[in-house]
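The values are calculated or read from the model by the stated rules, or taken from the named source; none is laboratory data. Bear in mind the structure is a predicted one, so any value in this text is a computation, not a measurement. Cβ coordinates were reconstructed from backbone atoms using ideal geometry, including for glycine residues, and neighbour counts include every protein chain displayed. Surface areas here come from the heavy atoms of the whole protein model, side chains and all, with no ligands, DNA or RNA. Shrake-Rupley method; radii C 1.70, N 1.55, O 1.52, S 1.80 Å.
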Amino acid sequence: MKASDILALVRPNIAALTPYSTARDEYQGALGIFLDANESPYPTGYNRYPDPHQKELKRRIGEIKGVDPARIFIGNGSDEAIDLVFRVFCRPGVDNAVAITPSYGMYKVAAAINDVALREVRLEEDFSLPAERLLAACDTHTRLMFLCSPNNPTGNAFGRDELLALADRFSGMLVVDEAYIDFSSIPSLRTQIAAHPNIIVLQTLSKAWGMAALRVGLAFADPLVISLMSQVKYPYNIGQKTQETVLEALSSPIDARVAEIVSERARVAEALRGMPVVLKLWPSEANFLLVRFPDADAMYEKLLAEGIIVRNRNRVPGCEGCLRITIGTPEENDRLIETLIQSKP
Ligand SMILES: *Cc1c(COP(=O)(O)O)cnc(C)c1O
């Protein structure tokens, strides 16, 4: 798809939108007597409205990620970006979206909230990408396709070339959720968005960056897509304190922590592989392992009794018998391994 084809996919009311113009849009100087935004003049540390465009933060994230700030959207978690792509591209009750399953639950919830039908396509038995079935599920009203890579909860990542080939054959916007990309050996697709304008890459500061409580999600896409998402978002979606805190936190590299999680992932997997109580363990490109037990509910309760809380995926179609276990600190992982060793199948 060419960048000039994107506009035809946008909801007509959004394409025609006159966005809210904030006081900060109309005057951008830093010094002066600010009597334009009905703020309190008394300094509390946060009496002024924050930058609605998060320019500093985008500049810094652009440096770290090697992406032009015009191609970056910052949201209140990835969840805001997921909701916005529905609001920008899908006419409620008319258009539809396609997603893989099992995958992240928010695509379905955001689709339902926006009154958009979500067509779920089961991954192959080995969790690989069902490219032909995904394309076969599309019709002329399919505006979005959601792929999560590495995928939650299965842990596998899809190949870069198969994702790009799918993007080129799809006539809507392909949303690739890379929440776990920092833990993966597969390169991010964010470097491919200029060559493939119908790709929207989602990332987050909630996982590898350790800022889940701050609520910062990122989208990398064509500048037109970023501009549409920015017009539809709440003007001040990222608070001043969050912008400052994130800017500060981005100066501490995460490489050592990510490397420890990745090496712990290998150590925990190795320990689990030999256990009679483990029926199946999938390779993981993320910071969790998907593990099948003979009785997942009983194992969930057993771990809970030991104070270890994992995610029970037993009732998720395709993940029957499975628990999703996040990789913790080496000490936390030791506790998990000891508890599992003491369990009988
Ligand atoms: C955890 C997770 C996110 C992160 O969501 P935030 O709203 O940014 O915290 C996004 N996508 C997937 C698949 C996840 O598992």
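Pick from Val94, Val67, Val85, Val98: which is in a loop (DSSP other than H, G, I, E, B), buried (at least 18 other Cβ atoms within 10 Å of the Cβ) and not hydroxyl-bearing (Ser, Thr, Tyr)?
Going through Val94, Val67, Val85, Val98 in turn, just one is in a loop (DSSP other than H, G, I, E, B), buried (at least 18 other Cβ atoms within 10 Å of the Cβ) and not hydroxyl-bearing (Ser, Thr, Tyr): Val67.
This table checks each residue for (1) outside any loop (DSSP other than H, G, I, E, B); (2) open to solvent by 70 Å² or more (accessible area, probe 1.4 Å); (3) touching a strand residue (DSSP E or B) at 6+ places or on another chain (Cβ under 6 Å).
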residue: Thr245; (1), (2), (3): yes, no, no
residue: Ala266; (1), (2), (3): yes, no, no
residue: Met275; (1), (2), (3): no, no, no
residue: Pro283; (1), (2), (3): no, yes, no
residue: Val291; (1), (2), (3): yes, no, yes
residue: Ala298; (1), (2), (3): yes, no, no
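Suppose we filter region 41-65 for residues that are closer than 22 Å to Thr191 by Cβ and of a type in the set (Asp, Glu); how many remain?
Qualifying residue count for the region: 1.
Taking the options Val116, Val94, name whichever one is touching a Cys at 6+ places or on another chain (Cβ under 7 Å), free of Cβ contacts under 8 Å to residues at least 60 places away in the same chain and more than 16 Å from the ligand (Cβ to nearest atom).
After ruling out the rest, the residue left standing is Val116.
So which pairs qualify, if the first residue must be in region 7-35 and open to solvent by less than 60 Å² (accessible area, probe 1.4 Å), the second must be basic (Lys, Arg) and assigned to a loop (DSSP other than H, G, I, E, B), the Cβ gap must be under 8 Å, and the two must be at least 6 apart or on different chains?
Listed pairs, sorted by first residue: Arg11/Arg91; Phe34/Arg48.
Mind checking which residues of region 164-188 are within 13 Å of the ligand (Cβ to nearest atom) and either of a type in the set (D, E, K, R) or not in a strand (DSSP E or B) (or both)?
Asp177, Glu178, Ala179, Tyr180, Ile181, Asp182, Phe183, Ser184
I want to confirm something. Restricting to region 189-226 and keeping residues that are part of a helix (DSSP H, G or I) and touching a residue at least 60 places away in the same chain (Cβ under 8 Å), which single residue is nearest to the ligand (Cβ to nearest atom)?
Arg190
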